[in-house]
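For reference, the structure discussed in these notes is given below.
The values are calculated or read from the model by the stated rules, or taken from the named source; none is laboratory data. The model shown is predicted, which means the values in this text are computed figures rather than measured ones. Using ideal geometry, Cβ is built from the backbone for each residue, glycine included, and neighbour counts are taken over all protein chains shown. With ligands, DNA and RNA removed, areas are computed over all heavy atoms of the protein, side chains included. Shrake-Rupley method; radii C 1.70, N 1.55, O 1.52, S 1.80 Å.
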Amino acid sequence: MADPSSYRPKPGQIPDSPGVYKFRDEHRRVIYVGKAKSLRQRLANYFQPLTSLHPRTATMVTTAASVEWTVVSTEVEALQLEYSWIKEYDPRFNVKYRDDKSYPYLAVTMNEEFPRVQVMRGHKKKGVRYFGPYAHAWAIRETVDLMLRVFPVRTCSAGVFRNAASAGRPCLLGYIGKCSAPCVGRVTPEEHRELAEEFSDFMAGRTGTYIRRLEKQMMLAAEDMEYERAARLRDDIEALRRAMEKSAVVLADATDADLIALAEDELEAAVQIFHVRGGRVRGQRGWVTDKVEAVDTAGLVEHAIQQLYGEESGDTVPKEVLVPALPEDTEAVTAWLVGRRGSNVSLRIPQRGDKKDLMATVARNAQQALVLHKTKRASDLTTRSRALEEIAEALDLDSAPLRIECFDISHLQGEDVVASMVVFEDGLPRKSEYRRFQIKGFEGQDDVRSMHEVIGRRFRRYLAEKEKTGEWDAEGVVEDPDETGRPKRFAYPPQLVVVDGGQPQVAAARRALDELGIDDIAVCGLAKRLEEVWLPGDDDPVVLPRSSEGLYLLQRVRDTAHDFAIRYQRSKRAKRIRTSPLDAVPGLGDTRKRALIKHFGSVKRLRQATIEQICEVPGMGRKTAEAVVVALAQAAPAAPAVNTATGEIMEDDGGGTA
């Protein structure tokens with residue numbers, strides 16, 4: 001635990017101007033990012049007596065080992081830089097709403113010749129119109145199914161579209177009138193694009209025009225005694241109205257707004273957002289976050305706005321953003337939103353009328369989300385904490401191992417020997433920290449020697465990072481290089497190293513750490529046979545009860561490392577099997593490899609070809625043809641394939657792979 005006075009800047013060093021500041025821990029990792037109108041006044045608040053600080057702030061400043069800052073010109077620049085750094089460094093003491101990239105959207109691919117209506121998730125693409133997000137994909141499909149009666153836009157994939165065009169027959173939707181069948185030319189590209197535009201306009205809230213137009217057409221058909229057509233139009237109108245009912249009318253006017261509401265307690269906060277377009281709720285999403293920093297409602301609102309609109313632009317930023325509390329720097333946040341939209345944005349608290357009533361509905365949803373989250377998480381948090389405490393007690397550790405790294409070796413009969421490293425923090429996997437290794441020190445199968453090599457390589461990198469940051473130096477010289485604060489591959493030590501294996505593997509791991517002079521990291525092994533936990537130097541294993549949460553966590557860590565290693569080993573083996581003698585030819589790319597195989601039919605026939613015959617292939621010069629002949633002559637022919645059913649040796653006359 002650091003004393004904040006040890007790294008407190010001297011009086012007069014901190015400028016009295018807008019800026020962004022970063023707190024770093026002893027490993028030079030950025031743990032908190034903040035912004036301020038006045039850096040001097042804001043940073044002074046962190047260096048008060050610990051008893052006068054909020055407990056979370058006190059934890060942060062005692063975890064930190066240094067502070068630095070960057071001066072900017074305006075508060076808007078500070079807001080932009082703060083958002084960028086939080087996304088880049090992922091500081092542990094900043095409030096971070098879990099991003100909702102998995103929420104499904106209704107998308108219309110206007111960037112294609114024949115636009116397609118589909119469900120999309122993930123990052124938004126240029127030229128695609130999005131509506132939502134929706135809570136469930138089935139809700140999108142129900143809406144689309146109703147609307148295809150009136151707007152029969154293509155919904156098929158590119159492969160289905162090509163197959164229908166080749167066969168000259170549309171799919172089932174084309175036959176039942178829910179697709180205009182542009183694949184077989186029933187409509188022109190221009191007519192189909194107009195249908196897609198009308199579909200998008202209806203989803204955007206411009207519904208009255210289409211309903212009135214269909215009603216007029218229905219009345220005219222009835223007057224002309226075209227009763228079948230009138231009945232079909234009546235059903236179309238009913239389908240559109242049912243689709244409209246799925247997005248309840250909430251505001252009388254054609255309002256475009258996002259409503260943000262919060263529910264919070266001392267530890268967590270839930271955020272709910274309703275997206276209103278054309279006076280209707282067109283989408284809903286929500287997050288729950290831990291309050292790892294001392295932050296009030298206004299601060300949570302500001303973080304939510306950054307999360308929502310940090311990567312958006314244009315019309316995806318609405319004209320109105322309605323919130324329960326205004327951010328501290330309201331003018332700066334509003335200016336930032338205006339910059340992202342490109343036109344005026346109103347950021348305010350609804351005071352009366354329908355918007356205030358809708359905000360109450362959003363708040364109720366936020367409260368329900370928080371209650372549901374707590375109900376689900378209570379047992380999970382308790383279980384993880386108990387598991388870590390049981391491991392600490394069983395292994396006689398000073399404290400619970402908040403970071404666990406597990407290593408496993410994988411190979412196939414001594415070939416393609418690889419290793420994996422997986423990381424669990426607070427009992428949960430941290431996949432961004434997983435690493436893979438190729439065994440380089442020797443050939444053949446030796447799990448113990450492989451484990452020694454991998455542990456040594458991993459922790460040599462850790463010591464190198466410590467030396468680079470000035471935290472440790474063999475000559476006692478402290479350096480201060482230009483650090484970016486980005487998470488480094490092996491910069492942070494675990495409290496516990498777990499190896500997949502028994503006494504020999506544990507001894508090899510401990511020996512590797514001892515050779516590097518590292519004595520503050522615990523080591524254990526988990527043997528698969530009896531699920532025994534082995535400690536260095538002990539002749540007898542530690543046996544945890546089968547019902548132990550600690551044993552369950554160790555098993556999960558070990559199995560995760562095992563699966564990760566096997567996947568890597570299989571990918572290397574598959575890549576090795578796919579190699580070809582042509583890979584050794586310098587300057588011969590995939591295109592010309594495929595051209596050679598296509599021309600000759602197989603590698604065997606290519607091996608029998610002359611230089612002149614190879615030169616006949618388009619794109620092949622004489623020099624490259626000579627290199628191909630040399631490479632194939634040096635490569636040993638592959639063993640003949642055998643039909644396992646008959647024992648017959650099969651000639652290699654078929655197509656090969658390059």
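Quick check: anything in the range 19-27 surrounded by fewer than 15 Cβ atoms within 10 Å (Cβ to Cβ) and in a loop (DSSP other than H, G, I, E, B)? Taking every residue of the range 19-27 in turn, at least one turns out to be surrounded by fewer than 15 Cβ atoms within 10 Å (Cβ to Cβ) and in a loop (DSSP other than H, G, I, E, B). Per this entry, Phe161 is not counted among residues that are modelled with pLDDT under 80, part of a helix (DSSP H, G or I), open to solvent by less than 70 Å² (accessible area, probe 1.4 Å) and not β-branched (Val, Ile, Thr).
Could you tell me which of the residues Phe424, Phe459 is part of a strand (DSSP E or B) and either open to solvent by 50 Å² or more (accessible area, probe 1.4 Å) or touching a residue at least 12 places away in the same chain (Cβ under 8 Å) (or both)?
Criteria check complete, one pass: Phe424.
Counted as qualifying within the range 280-357 are the strands (runs of 3 or more DSSP E) with 2 or more residues that are basic (Lys, Arg), namely 280-290. Just one of the numbered conditions (1) at pLDDT below 85; (2) open to solvent by 30 Å² or more (accessible area, probe 1.4 Å); (3) assigned to a loop (DSSP other than H, G, I, E, B) is not true of Tyr97; which one? Unmet condition: (2). Can Leu530 be described as open to solvent by 70 Å² or more (accessible area, probe 1.4 Å) and farther than 30 Å from Glu465 by Cα? It is true that Leu530 is open to solvent by 70 Å² or more (accessible area, probe 1.4 Å) and farther than 30 Å from Glu465 by Cα. Can you name every residue in the range 54-80 that is hydrophobic (A, V, I, L, M, F, W, C), buried (at least 17 other Cβ atoms within 10 Å of the Cβ) and more than 23 Å from Glu268 (Cβ to Cβ)? Correct list: Ala64, Ala65, Val67, Trp69, Val72, Val76, Ala78, Leu79.
Among residues of the range 495-524 that are under 12 Å from Pro401 (Cβ atoms), those with a Cβ under 8 angstrom from a residue that is of a type in the set (Asp, Glu), sequence gap 6+ or separate chain, pair up as Leu496/Glu405; Val497/Glu405; Val498/Glu405.
Taking every residue in the range 165-180 that is of a type in the set (S, T, N, Q) and pairing it with any residue that is open to solvent by 50 Å² or more (accessible area, probe 1.4 Å), at least 6 positions away or on another chain, the pairs with Cβ-Cβ distances below 7 Å are Ser180/Arg186. Just give me the residues in the range 300-317 being out of contact with any helix residue (DSSP H, G or I) (no Cβ under 8 Å at 6 or more places or on another chain), crowded, with 20+ Cβ neighbours inside 10 Å and not hydrophobic (A, V, I, L, M, F, W, C), in sequence order. Answer for the range 300-317, where residues must be out of contact with any helix residue (DSSP H, G or I) (no Cβ under 8 Å at 6 or more places or on another chain), crowded, with 20+ Cβ neighbours inside 10 Å and not hydrophobic (A, V, I, L, M, F, W, C): His303, Gln307. Total residues in the range 583-615 satisfying the condition of being loosely packed, with under 15 Cβ neighbours inside 10 Å, over 45 Å from the mean Cα position of the chain (by Cα) and outside any helix (DSSP H, G or I): the figure is 1.
Leu39 fulfils the conditions (1) buried (at least 21 other Cβ atoms within 10 Å of the Cβ); (2) under 31 Å from the mean Cα position of the chain (by Cα); (3) modelled with pLDDT of 85 or more except for a single criterion, (2). Applying a threshold of 6 Å to beta carbon distances and a minimum spacing of six or more residues, or different chains, the list of pairs starting in the range 112-135 at a residue that is within 25 Å of Arg162 (Cβ to Cβ) and ending at one that is open to solvent by 30 Å² or more (accessible area, probe 1.4 Å) and modelled with pLDDT under 85 reads Arg121/Ser102; Gly122/Lys101.
Counting only residues that are assigned to a loop (DSSP other than H, G, I, E, B) and either at pLDDT 90 or above or out of contact with any helix residue (DSSP H, G or I) (no Cβ under 9 Å at 6 or more places or on another chain) (or both), the range 496-510 holds 1 of them. When Trp336 is tested against (1) under 23 Å from Trp287 (Cα atoms); (2) surrounded by fewer than 20 Cβ atoms within 10 Å (Cβ to Cβ), exactly one condition is not met: (2).
Of all the listed residues (Leu326, Leu347), the sole one being open to solvent by less than 50 Å² (accessible area, probe 1.4 Å), touching a Leu at 6+ places or on another chain (Cβ under 9 Å) and modelled with pLDDT of 90 or more is Leu347. Taking the criterion of being within 21 Å of Ile455 (Cα to Cα), aromatic (Phe, Trp, Tyr), open to solvent by less than 40 Å² (accessible area, probe 1.4 Å) and touching a helix residue (DSSP H, G or I) at 6+ places or on another chain (Cβ under 8 Å), would at least one residue in the range 562-572 satisfy it? Within the range 562-572, none of the residues are within 21 Å of Ile455 (Cα to Cα), aromatic (Phe, Trp, Tyr), open to solvent by less than 40 Å² (accessible area, probe 1.4 Å) and touching a helix residue (DSSP H, G or I) at 6+ places or on another chain (Cβ under 8 Å). Identify the residue in the range 587-596 that is touching a residue at least 24 places away in the same chain (Cβ under 8 Å) and out of contact with any helix residue (DSSP H, G or I) (no Cβ under 7 Å at 6 or more places or on another chain) and, among all such residues, is nearest to Glu626 (Cα to Cα). Ranking the candidates gives Arg592 first. For Arg212, the conditions (1) assigned to a helix (DSSP H, G or I); (2) open to solvent by less than 50 Å² (accessible area, probe 1.4 Å) all hold with the exception of (2).
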